[in-house]
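Okay, so here's the structure we're looking at.
The values are calculated or read from the model by the stated rules, or taken from the named source; none is laboratory data. In this text, all values refer to a predicted model and were calculated from it rather than measured experimentally. Every residue, glycine as well, gets a Cβ built from its backbone with ideal geometry; the counts of neighbours run over all protein chains shown. We work out accessible area using only protein heavy atoms, side chains counted, and drop any ligands, DNA or RNA first. Shrake-Rupley method; radii C 1.70, N 1.55, O 1.52, S 1.80 Å.
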Amino acid sequence: MAKLVVFYSRADENYFSGSYRYISVGNTEKVANMIAEIAGADLFKIQQKVPYAAAYDACIAQAKKDLQAKARPELVSVPDSLEDYDEIYLGYPNYWGDMPMAVYTFLENFDWNGKVIHPFCTHEGSGLSGTEGRIRNACKGATVTSGLAIQGGMVDHARSNVERWV
């Protein structure tokens, strides 16, 4: 059976240890690419039909509103099936101690029985924040392993940590 790296990531203006800067590839996407290469896995990027704003402050206002409403943003696409995959690496940035709501939209589209999910997140100080348990609740029947949390500003130096975790 094959492996799949599913991830939500955001480029544009991001926050790094007290300052803002524009990036062309999001931190979670960088980690997802490392995992795909190391594990020999396919990649799938979760994308909202209506993306959040490029400016960081506007983005977090939109994302926080979605979190408070427990919204399920519409996605550009989802795979027809995950039947060919037994292991899923699930990546996301930590937004206020939770996953972006678009990740829940994705998760709620599939039957997770018999799948193994390996969570990973990028963050600026809050780690996984209990998201492993939220994944267990959303993905009934799946085995959810211990996750990997990487501080966003350290992503470019995290390959050895990612290799050990994979």
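Here Ala71, Ala41 are screened, and the one residue that is touching a helix residue (DSSP H, G or I) at 6+ places or on another chain (Cβ under 8 Å), in contact (Cβ under 8 Å) with a residue 24 or more places away in the chain and under 16 Å from Ala138 (Cβ atoms) is Ala71. Only helices (runs of 4 or more DSSP H) whose full extent lies in the range 38-146 are considered here, and the ones with at least 2 residues that are aromatic (Phe, Trp, Tyr) and within 20 Å of Val5 (Cβ to Cβ) are 101-107. Of the candidates Phe16, Phe7, the single residue that is within 22 Å of Phe110 (Cα to Cα) and hydrophobic (A, V, I, L, M, F, W, C) is Phe7. For the range 156-166, enumerate the residues that are in a helix (DSSP H, G or I) and touching a strand residue (DSSP E or B) at 6+ places or on another chain (Cβ under 6 Å). If the condition is that a residue be in a helix (DSSP H, G or I) and touching a strand residue (DSSP E or B) at 6+ places or on another chain (Cβ under 6 Å), then Trp165 is the only one that fits. Filtered by the rule that a residue be more than 14 Å from Leu43 (Cβ to Cβ), touching a residue at least 60 places away in the same chain (Cβ under 8 Å) and either open to solvent by 30 Å² or more (accessible area, probe 1.4 Å) or among the β-branched types (Val, Ile, Thr) (or both), the range 85-106 gives Asp86, Val103.
Considering Ser81, Ser77, Ser24, Ser17, the condition of being surrounded by fewer than 18 Cβ atoms within 10 Å (Cβ to Cβ), small (Gly, Ala, Ser) and either touching a Lys or Arg at 6+ places or on another chain (Cβ under 8 Å) or on the phi > 0 side of the Ramachandran plot (or both) is satisfied by Ser17 alone.
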